[in-house]
Amino acid sequence: MSELYIRVAEDENEEPMEIPSEDDGTILLSSVAAQFPGACGLRYRNPESQCMRGVRLVEGVLHAPENDWGNLVYVVNYPKDNKRKMDEIDAASAVKVKRGFQKTSDLIVLGLPWKTSEQDLKDYFTTFGEVIMVQVKRDLKTGNSKGFGFVRFTEYETQTKVIAQRHMIDGRWCDCKLPNSKAGPDEPMRSRKIFVGRCTEDMTTDELRQYFMQYGEVTDVFIPKPFRAFAFVTFADDQVAQALCGEDLIIKGISVHISNAEPKHNNIHQLFPNFPGGSASLAAMFDRSQYQFPSSHV
DNA sequence: GTTGAGCGTT
């Protein structure tokens, strides 16, 4: 190890910033990400070959090439600049990412009052975001509303928000769903949070944060206390979280399993049907908690 | 002229 700080920049021609190394000469990815949010690694131009080279990254720790950071300027890697990274996760995940593309679709609006018009619908939903179209389905002969309709938004974020809640329209509670799906206000808006199963007790929040940073920006890490062999990691981008679901990852030599973090009101009694002391105490214990479980455990 | 879980005439 040659010096206490190494120089890191967003781009080869940008002004570098000095990042502190650890005592053992390594650099924590979290140190880089503190200055460059969302960073997932480093690269540098090899003086001999003039090619860009990646810096070795093991579980959130960056290792100096040939044990010497030298006097080079290192360049930050970001997940979105690197499609190859996503492809490596696996083919199924890549499909998920593509399918989860931020394109809006029609939403069915269930439970409309008979009197609600398309103009009423448009006026209501415009308060959430720009509306592309609204429909109220009617009996062709009578012109009476069938009590449901459709809406489409410009922004995917608006769609997500609208699906996630119930709607009071002209005095009735209505639900907006993706057509032909059961997903409603309760259920799975695609989560930015993943469930990390098979954790060991020596895994810290910092270590988990450093590890998962390589996939995308991490906004939260939660480890239930006392130890319960799982954790939750939240990403800034739901697509990153979804892409990891189903994966087995190696953290500190341990194979952990990634699945979707489900909303916390999933029936806990299905998880532990024979809990000692009866289901009431179990329910009380969990209803007060923040814990969430993946559907694969239910 | 009624109704209240569902799934879209053109």
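Applying the criterion of being modelled with pLDDT of 95 or more, within 7 Å of DNA strand B (Cβ to nearest atom) and assigned to a loop (DSSP other than H, G, I, E, B) to the residues of segment A:105-129, the residue that is most open to solvent (accessible area, probe 1.4 Å) is A:W114. Summed over segment A:20-71, the residues that are open to solvent by 50 Å² or more (accessible area, probe 1.4 Å), in a loop (DSSP other than H, G, I, E, B) and in contact with a Leu (Cβ under 7 Å, 6 or more places away or on another chain) give a count of 1. The set of residues in segment A:151-179 that are under 13 Å from A:T126 (Cα atoms), within 11 Å of DNA strand B (Cβ to nearest atom) and either exposed (fewer than 14 other Cβ atoms within 10 Å of the Cβ) or charged (D, E, K, R) (or both) contains only A:R152. Looking only at segment A:1-38, residues that are modelled with pLDDT under 90 and under 26 Å from A:G253 (Cβ atoms) come to 1 in all.
Based on what the data block shows, is A:I251 of a type in the set (A, V, I, L, M, F, W, C) and open to solvent by 10 Å² or more (accessible area, probe 1.4 Å)? Give the derivation first.
Working: of a type in the set (A, V, I, L, M, F, W, C): yes; open to solvent by 10 Å² or more (accessible area, probe 1.4 Å): no.
No: the conditions fail for A:I251.
Please determine whether any residue of segment A:194-210 is modelled with pLDDT under 90 and surrounded by fewer than 17 Cβ atoms within 10 Å (Cβ to Cβ). Checked segment A:194-210: no residue is modelled with pLDDT under 90 and surrounded by fewer than 17 Cβ atoms within 10 Å (Cβ to Cβ).
Tell me, which residue of segment A:138-150 that is assigned to a strand (DSSP E or B) and more than 14 Å from A:P179 (Cα to Cα) is nearest to DNA strand B (Cβ to nearest atom)? Full working, then the answer.
Step one: filter segment A:138-150 for residues assigned to a strand (DSSP E or B), giving A:138, A:145-150.
Now narrow it down to the ones that are more than 14 Å from A:P179 (Cα to Cα): A:138, A:145-147.
Numbers: A:R138: 8, A:S145: 7, A:K146: 4, A:G147: 2 Å.
Checked segment A:138-150; the qualifying residue nearest to DNA strand B (Cβ to nearest atom) is A:G147.
The values are calculated or read from the model by the stated rules, or taken from the named source; none is laboratory data. Just so we're clear, the structure is a prediction, and the values are computed from it rather than from any experiment. Backbone-built Cβ (ideal geometry, glycine too); neighbour counts: all protein chains shown. Quick note on the areas: whole protein, heavy atoms, side chains included, nothing else; ligands and nucleic acids left out. Shrake-Rupley method; radii C 1.70, N 1.55, O 1.52, S 1.80 Å.
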